[in-house]
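One structure is given below, encoded as C-alpha cells.
The values are calculated or read from the model by the stated rules, or taken from the named source; none is laboratory data. For clarity, every value in this text was computed on a predicted model and none was experimentally measured. Here Cβ is always computed from backbone atoms with ideal geometry, including for glycine, and neighbour counts include all displayed protein chains.
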Amino acid sequence: MSKAVVLNEKFERAGEAALPENFQGINPHNLYLYVKAYAANLRANNAHTKNRSAVRGGGRKPWQQKGRGGARAGSIRSPLFVGGGVAFGPTNAKNYTQKINKKQKRKALEFALNEKAENGALFVVDNIAVESGKTKDAAALVNKIGARDALFVKENIDEKTFLAFRNLPNAYLIEPNELNAYLAAAFRAVVIEKPVWEKIVKEG
C-alpha cells in the first residue's frame, strides 16, 4: 500500500499516512486522457486568415479578357495574386475543446497522487506558512523536501505566504480548487496541508 510522508511544522519527517485502497490499481490511461484534454483546452485558437472575400481591393477587372496573351483574371483578390486572399487557410472557427467526465478526472488525480506516494514524493503537513514573507524562507522549505521542484497545496493562501512563494522558479503554491492531475504529475513532489489531504481522501 502506498503511503504519504507526514511532516511536522519544521518540515521534518514525523510519520506516514496510508492512501485509500481505491487509489491503487488505476489505469494510467486516465492520466493520459486528462492531460491531453487539459492541454487541448488551453489552446488559444486565434489562427485566422482572410479569404478572397475579406481582403481589400478587387473592385474592377485587372485587365481585358482577351488580346494580351496572358491568362484571364477577374479580380486581384484571387489567391493566385500577391496580396490576394488565402485559399483554405485557418480560421478561428475550429474548436479544440475536449471533454472529460468527472469520474475520469478524479481517477487521473488519484493515480497521479498515488504515483508520487510510491516514489516517496507525496508529503502531508499541518500547515504551509511563511510568516516572514521572504522568498529565502520559502526556498528553505523546498530544500527540506529534497526535490528539484514542488507543488504546494494550501487551504487558504495568505498574503505573506503568497509573496514568499511567487518568485520561486521551482515551487508553485495553489489552493485546493486549483489542484488537478496535470499539476500533480508535472512536479517532482507534492506537499499538501492536512485539512486539504483529509478532504481528498474523504471524497475518494
Being among the small types (Gly, Ala, Ser) and closer than 25 Å to Pro28 by Cβ narrows Ala171, Ala184, Ala140 down to just Ala184
Residue pairs qualifying under the 6 Å Cβ cut-off, at least six apart or on distinct chains, with the first in segment 83-94 being within 10 Å of Ala54 (Cβ to Cβ) and the second being of a type in the set (A, V, I, L, M) and in a loop (DSSP other than H, G, I, E, B), are Gly85/Val55
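Yes/no matrix, rows are residues, columns are (1) assigned to a loop (DSSP other than H, G, I, E, B); (2) under 19 Å from the mean Cα position of the chain (by Cα):
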| residue | (1), (2) |
| --- | --- |
| Gly89 | yes, no |
| Ala93 | yes, no |
| Lys99 | yes, yes |
| Ala117 | no, no |
| Val124 | no, no |
| Asn127 | yes, no |
| Gly133 | yes, no |
| Ala140 | no, no |
For Lys99, the lone unmet condition from (1) over 30 Å from Ala184 (Cβ atoms); (2) modelled with pLDDT of 90 or more is (1)
The condition from (1) in contact with a Pro (Cβ under 7 Å, 6 or more places away or on another chain); (2) in the same structural domain as Asn177 (by TED's automatic domain parsing) that Glu110 misses is numbered (1)
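Quick check, is Glu21 in the same structural domain as Asn119 (by TED's automatic domain parsing) and farther than 24 Å from Lys199 by Cβ? I'd like the intermediate steps shown before the answer.
On the way: in the same structural domain as Asn119 (by TED's automatic domain parsing): yes; farther than 24 Å from Lys199 by Cβ: no.
Judged against the criteria, Glu21 is not a match.
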Residue pairs within 6 Å by beta carbon, gap of at least six or interchain, first lying in segment 119-137 and more than 9 Å from Glu193 (Cβ to Cβ), second acidic (Asp, Glu) and surrounded by fewer than 21 Cβ atoms within 10 Å (Cβ to Cβ), listed first then second, are Val130/Asp137
